1. Could you figure out which of (1) over 28 Å from residue 123 (Cβ atoms); (2) at pLDDT 90 or above; (3) open to solvent by 60 Å² or more (accessible area, probe 1.4 Å) isn't true of residue 21?
2. Before we move on, is residue 141 open to solvent by less than 50 Å² (accessible area, probe 1.4 Å) and either over 21 Å from residue 38 (Cα atoms) or not β-branched (Val, Ile, Thr) (or both)?
3. Give 43, 56, 29 a once-over and let me know the one that is modelled with pLDDT under 90, hydrophobic (A, V, I, L, M, F, W, C) and over 19 Å from the mean Cα position of the chain (by Cα).
4. Can you pull out every residue in segment 88-110 that is within 15 Å of residue 16 (Cα to Cα), open to solvent by 40 Å² or more (accessible area, probe 1.4 Å) and modelled with pLDDT of 90 or more?
5. Please work out which one of (1) under 15 Å from residue 93 (Cβ atoms); (2) at pLDDT 90 or above; (3) in contact with a strand residue (DSSP E or B) (Cβ under 9 Å, 6 or more places away or on another chain) is the condition residue 126 fails and give its number.
6. Do the conditions hold for residue 54, that is, is it of a type in the set (Gly, Ala, Ser) and open to solvent by 30 Å² or more (accessible area, probe 1.4 Å)?
Amino acid sequence: MAGARIQCLGHNLVRRLWLEEGFVSLAGAHLPPLEEADPTKSALRHFVEEGYEGAASYNQKQGLVDELHAFLTQIRVGDTVATIGDGRLHVGQITGEAVQSASPGGLSNLRRTVAWQAASHAYEELPEEVQQKLSVQHDVVDLTGVLDALDGLTRRTEHADPAAADGTGDHPAA
């Protein structure tokens, strides 16, 4: 997977944790400790069936298995990651393998470190194909099909935005 969108629906972890501490996460609150670094989809399905029994519908469990599998095994160090926070697109690069640890409220138990870019982009200014991909209501979305557009945004910001070039990420008021 060359690019992914990761979000935590219903909680604003982006500004409060992800950008400040340099990671992305999934909740995984009902998962047992994962002993395998690269768990199979079958193993994840078993863990989700047991851990989320009564807490999620069949379809929600299937979606969770797919998202966990992508986060734990398909996303690689060096891949591009993007998320929306406060109406802005934040782009970064995965810098670490997935780790599991306890977190307050169980909201970010599965984590991957990320080097976030200082500049962000207003959602309404994004190319339409990027907006369409980002509007999918899943925690993990494969953005490989729009990776060129994301890279174009990054290059344009690095070359044209003096605030991004100085590393502050602040944008002048329009």
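1. (1) is the only condition that residue 21 fails.
2. no
3. 56
4. 88
5. Among (1) under 15 Å from residue 93 (Cβ atoms); (2) at pLDDT 90 or above; (3) in contact with a strand residue (DSSP E or B) (Cβ under 9 Å, 6 or more places away or on another chain), residue 126 violates only (1).
6. Answer is yes for this residue.
The values are calculated or read from the model by the stated rules, or taken from the named source; none is laboratory data. Remember, predicted model here, so these are calculated numbers, not experimental data. Methodologically, a virtual Cβ is constructed for each residue, glycine included, from the backbone with ideal geometry; neighbour enumeration extends over all protein chains shown. Only protein heavy atoms, including side chains, enter the accessible area calculation; ligands, DNA and RNA are left aside. Shrake-Rupley method; radii C 1.70, N 1.55, O 1.52, S 1.80 Å.
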